[in-house]
Amino acid sequence: NAGVTQTPKFRILKIGQSMTLQCTQDMNHNYMYWYRQDPGMGLKLIYYSVGAGITDKGEVPNGYNVSRSTTEDFPLRLELAAPSQTSVYFCASRTGTGVHYNSPLHFGNGTRLTVT
Amino acid sequence: DAKTTQPPSMDCAEGRAANLPCNHSTISGNEYVYWYRQIHSQGPQYIIHGLKNNETNEMASLIITEDRKSSTLILPHATLRDTAVYYCIVFRGGSNYKLTFGKGTLLTVNP
């Protein structure tokens, strides 16, 4: 099983450029999440989605946008990259429905983004 | 979700049991305790979770106090590969979707 797949693994952006971080999962999970992790820090929730067509803000949503047109995909968009967005970005998913309402998160291996 | 408190770092000798504490004194009755770990800069890995009974799987054991205000993750025979940041989280699914992480405990297993 592929699980949660993130692309690209690494990216360097110039200030003001835009890009989309891709995340796809093959486990038919309803809930998907985007986190960022700055060096030496814990994970901060950016956006999450409870199903196709439904998204909501997390702790640090400014500067980011998301969409969820399918169950499998949850891309994260950076419109005007800033140095403060230099971080490692993790996508995660979980089942979360019915008897599995307390199911654990499954994480991808991250995208390391540098904005200079 | 209830907040958790963990020590920032701990050391353990290889082959010995590693006992990682977590305080969650404001946990509500329907919130679960979850443990994850993050090795180097990889994606966090799920370890174990429980509600009020002690739990054990192939990776670890989870001991939750009777009042549920604290818990301990036990790695019975720590190896060098267990060196990682360990996160304790309290969370209830269902209508609550946000799942947030604290700073965790850096466990260093020494030879």
Condition check for A:MET41: at pLDDT 95 or above and not basic (Lys, Arg):
no
Selection from the stretch A:41-69 of residues that are open to solvent by 80 Å² or more (accessible area, probe 1.4 Å), without any contact (Cβ under 8 Å) to a residue 12 or more places away in the chain and under 29 Å from B:LEU107 (Cα atoms):
A:MET41
Considering the stretch A:41-86 alone, what residues qualify as being more than 14 Å from chain B (Cβ to nearest Cβ), among the hydroxyl-bearing types (Ser, Thr, Tyr) and under 19 Å from A:MET19 (Cβ atoms)?
A:TYR64, A:SER67, A:SER69, A:SER84
Tally up the residues in the stretch A:87-112 that are touching a Phe, Trp or Tyr at 6+ places or on another chain (Cβ under 6 Å) and more than 10 Å from chain B (Cβ to nearest Cβ), please.
1
If we only count strands (runs of 3 or more DSSP E) wholly inside the stretch B:2-91, which ones have 1 or more residues that are surrounded by fewer than 20 Cβ atoms within 10 Å (Cβ to Cβ) and charged (D, E, K, R)?
B:9-13
Which condition does B:LEU106 not pass, out of (1) assigned to a strand (DSSP E or B); (2) away from every other protein chain (no Cβ under 11 Å), if it passes all the others?
(2)
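Could you look through the stretch A:20-34, keep only residues that are of a type in the set (A, V, I, L, M) and within 23 Å of A:ALA81 (Cβ to Cβ), and pick out the one that is surrounded by the fewest Cβ atoms within 10 Å (Cβ to Cβ)? Talk me through it step by step, then tell me what you get.
In the first step, residues of the stretch A:20-34 are kept if they are of a type in the set (A, V, I, L, M); the result is A:21, A:27, A:32.
If we keep only those that are within 23 Å of A:ALA81 (Cβ to Cβ) as well, we get A:21, A:32.
Details: A:LEU21: 23, A:MET32: 28.
Result: A:LEU21.
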Can you spot a residue in the stretch B:15-28 that is within 11 Å of chain A (Cβ to nearest Cβ) and touching a residue at least 40 places away in the same chain (Cβ under 8 Å)?
no
Taking the stretch A:62-113 and keeping only residues that are assigned to a helix (DSSP H, G or I), within 26 Å of A:ILE12 (Cα to Cα) and of a type in the set (Gly, Ala, Ser), one is left with A:SER84
When you look at A:ALA2, is it surrounded by 19 or more Cβ atoms within 10 Å (Cβ to Cβ) and part of a loop (DSSP other than H, G, I, E, B), yes or no?
no
Looking only at the stretch A:5-19, and only at residues there that are open to solvent by 40 Å² or more (accessible area, probe 1.4 Å) and in a strand (DSSP E or B), the one that is farthest from A:ARG112 (Cα to Cα)
A:THR5
What tally of residues in the stretch A:46-61 results from selecting those that are assigned to a strand (DSSP E or B) and charged (D, E, K, R)?
2
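The values are calculated or read from the model by the stated rules, or taken from the named source; none is laboratory data. Keep in mind that this is a model prediction, so the values were computed, not measured. Virtual Cβ from ideal backbone geometry, glycine too; neighbours counted across all protein chains shown. Just so you know, the surface numbers come from the protein's heavy atoms only, side chains and all, with ligands and any DNA or RNA stripped out. Shrake-Rupley method; radii C 1.70, N 1.55, O 1.52, S 1.80 Å.
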